[in-house]
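Participant: This structure is in structure tokens; I'll ask about it shortly.
FYI, it's all coordinate maths here, none of it is from the lab. Note that the coordinates shown come from a computational prediction; the quantities given were computed from them, not determined experimentally. In this analysis, Cβ positions are derived from the backbone assuming ideal geometry, glycine residues included, and neighbour counts consider all displayed protein chains.
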Amino acid sequence: MWQDPIVEEIRRIRDEHARRFDYNLHAMCEDFRREQMSSGRTVVSRKPRMPAAPVEHHGALLDAPAAALLQQGRG
């Protein structure tokens, strides 16, 4: 099976980073945050949005994207 060298490199780098922190997700995320803060780049945070209420259609509950398609006549 063919393997993409770019994907393999990303997986190797990701595994090396995880191994440095003994695969501790909390420690890995703290390291990512430290790197992010020291990068000098602007960090954008957005407030969480409330999910739209589901819509009932022919007895089935639809999520907001499906309901929007239905209203446009594409559902």
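Participant: Hey, among the residues in the stretch 8-56 that are closer than 30 Å to L69 by Cβ and of a type in the set (A, V, I, L, M, F, W, C), which one's surrounded by the most Cβ atoms within 10 Å (Cβ to Cβ)?
Facilitator: Residue satisfying both the conditions and the ranking: V55.
Participant: Right, next: Cβ-Cβ distance below 9 Å, separation of 6 or more or different chains: which pairs start in the stretch 23-52 with a residue that is in a helix (DSSP H, G or I) and end on one that is surrounded by 10 or more Cβ atoms within 10 Å (Cβ to Cβ) and among the hydrophobic types (A, V, I, L, M, F, W, C)?
Facilitator: L25/A18; A27/F21; M28/A18; M28/F21; E30/F21; D31/F21
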